[in-house]
1. Can you list the strands (runs of 3 or more DSSP E) found entirely within the range 154-220 that contain at least 1 residues being basic (Lys, Arg) and within 25 Å of the chain's Cα centre (by Cα)?
2. From (1) under 23 Å from Ser56 (Cα atoms); (2) touching a Gly at 6+ places or on another chain (Cβ under 8 Å); (3) surrounded by fewer than 18 Cβ atoms within 10 Å (Cβ to Cβ), pick out the condition that doesn't hold for Asp289.
3. Looking at (1) at pLDDT below 90; (2) open to solvent by 60 Å² or more (accessible area, probe 1.4 Å), can you tell me which one Leu305 breaks?
4. Is it the case that the range 403-425 has a residue that's on the phi > 0 side of the Ramachandran plot, at pLDDT below 85 and surrounded by fewer than 20 Cβ atoms within 10 Å (Cβ to Cβ)?
5. Would you confirm whether or not the range 220-232 contains a residue that is of a type in the set (S, T, N, Q) and at pLDDT 90 or above?
6. Select from the range 173-190 the residues that are in contact with a strand residue (DSSP E or B) (Cβ under 6 Å, 6 or more places away or on another chain) and closer than 19 Å to Asn97 by Cα and list them in ascending order.
7. Residues that are in contact with an Asp or Glu (Cβ under 7 Å, 6 or more places away or on another chain) and within 17 Å of Ser50 (Cβ to Cβ): does the range 321-340 have at least one?
Amino acid sequence: MTDLAAGPTVRCTELELIIHERRLSPVFQPIVDLESGRILGYEGLIRGPSNSSLHSPLNLFSRAAECNLTLALDRACRRVTVERFVELALPGRLFLNISPDSLLAPEHRRGETLAFVAMLGLSPDRIVMELTETKPNAAYEALKEATDHYRDGGFHIALDDLGEGFSNLRLWSELRPDFVKLDKHFVQNIHHDPLKEQFVRSLVDIARKSGARLVAEGIESVAELRTLRRLGVQYGQGYLIARPSPVPALELQASIDGVAWPGGRGRLGQRRQPAARDLLVEVAPMSVDAPTDEAYRRFADDAALFAIPVLEGEVPVGLLRRHHLLESFARPFNRELYGKKPCRLMMDKQPLIVAADLKLNELSGLVVAAERRYLIDGFILAEDGKYLGMGTGYELMRKLNELQVSAARYANPLTGLPGNVPINETIDRLIETEQPFMVAYVDLDHFKPFNDLYGYAAGDELIELLGRLLAETADPERDFVGHVGGDDFVVLLQSPDWRERLEGVIAAFDAAVPDFFTAEHRAAGGFELPGRGGETTFFPLTGVSIGALRVVPGAFPSHHEVAAAAAEAKRQAKRRAGSSLHARG
């Protein structure tokens, strides 16, 4: 029998026990300064017991509203979250969720949170009371009075999910919060939506004039983060930066691919590659000895629950698959036979368990090589052998598709090397992180005459040769090779032996290029072509010119100035006869 069939009394008793026994687990998600990468603080989020359908905060608070226990649950959540925040000695501010209904309830105890925080030795100015709305509330005067009371005690006020649900601009105007959190709807794919950009731009202006600080929620891609930074949004949180965790990082690791923050590691080879942990879905596990009927109730209560991991201690040992268990219990007498027996009897004893740091391309190969059920039922993510979460085949395919589309959008179709956008972004990232590097602007000498004489197919082969030599010579851990277009390439080098590498490209190219010419032209050292006026011009065999520019911290504000200076270095190289390298700076 499911919880729904158990009746409201049993359902409310379960919640009352959870609150009384404080079986609530806080997790924390960092909120960071989008310009510096420094942690402003953490939002405290709550989870119910892992072996209950109330593990989900949505189910937990829905049950509380149904049982008239919202105030009691709110109070219990605040206490366990503050206690854990202090226990972990987390830096910065704690964003503490509170329902407006709780603030306005007659039984709400004013001064309780202040006294509790003081007892734990935490200054109230490190607490941000975050108002979360789940239904319309027009009691603006009462809410203002309540929030003013918290402000008088030294707390800060935040308005959550602006633009979603029932949050509105009037609340902002009436309450004058210190922080306003922008709903993830306006963050998702903002780089593809001019209307969302305009909306956020307007909110940034309002925030600036009202003295509020804007926090963007739900940042999941580098493109979203960059757009928000460009628009002037000061703070952000989301899976791209860090997922909610029981023990979050005390300092942000500057390892987001394509994002550089001052003080972070900006080496090209240290960008974090997409890994299995990027697919993480929080699913409450069950113990091997838990009754199978408990899993049945969870599946019946949550249509989106696709599988339940089974643990022995903290180690994953099996997986309860939704369709298998529900189909089995639909057979006559099976629920009576197996409902009270341990779930180890019905679990899949050979689940796919992968390390959280496994690269996505390796994971894809693993899933494809494995049985088809892993694509449907998902796989378990583990860290140091301990359960971390779940992943699904759908999320894996979606993420791989995103990466492929992003790479293809900016890659040169001939060589497959990154094009102008990634080149410029990489230069700007190195400038931001104050990393010294060399820019090598590379192109072919007398390429157009060669193309005119031998045809575009031969010209493409020559371009491919140069691209291949540059890619083979560069250190993938330190250097970056991009294809601007045509016969123009850009190489960004942090290798200390950059000169030897570039000279090696010239030597290899000069050794290979004669094969692209006829014996007659090789013997003559070049070829003649008639000009438009009928005159004949002699062109030597195609060479390669490289202009190298040293970029030191503070020398250039952006990729625009770097490109202009590198172009001048290349012009100097092209003034010399034959293949050449001209280094500047």
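The values are calculated or read from the model by the stated rules, or taken from the named source; none is laboratory data. Keep in mind that this is a model prediction, so the values were computed, not measured. In this analysis, Cβ positions are derived from the backbone assuming ideal geometry, glycine residues included, and neighbour counts consider all displayed protein chains. SASA here: full protein model, heavy atoms, side chains in, ligands and nucleic acids out. Shrake-Rupley method; radii C 1.70, N 1.55, O 1.52, S 1.80 Å.
1. Qualifying strands (runs of 3 or more DSSP E): 179-182, 213-216.
2. Only one criterion in (1) under 23 Å from Ser56 (Cα atoms); (2) touching a Gly at 6+ places or on another chain (Cβ under 8 Å); (3) surrounded by fewer than 18 Cβ atoms within 10 Å (Cβ to Cβ) is unmet by Asp289, namely (2).
3. It fails just one condition, (2).
4. no
5. The answer is no; no qualifying residue exists.
6. From the range 173-190, those in contact with a strand residue (DSSP E or B) (Cβ under 6 Å, 6 or more places away or on another chain) are 177-183, 187; that's our starting set.
Pro177, Asp178, Phe179, Val180, Lys181, Leu182, Asp183, listed by residue number.
7. Scanning the range 321-340, I find no residue that is in contact with an Asp or Glu (Cβ under 7 Å, 6 or more places away or on another chain) and within 17 Å of Ser50 (Cβ to Cβ), so the answer is no.
Residues are listed down the side, and each one gets a yes or a no for (1) modelled with pLDDT under 95; (2) touching an Asp or Glu at 6+ places or on another chain (Cβ under 9 Å):
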position	(1), (2)
Arg532	yes, no
Thr537	yes, yes
Ala548	no, no
His560	yes, no
Arg576	yes, no
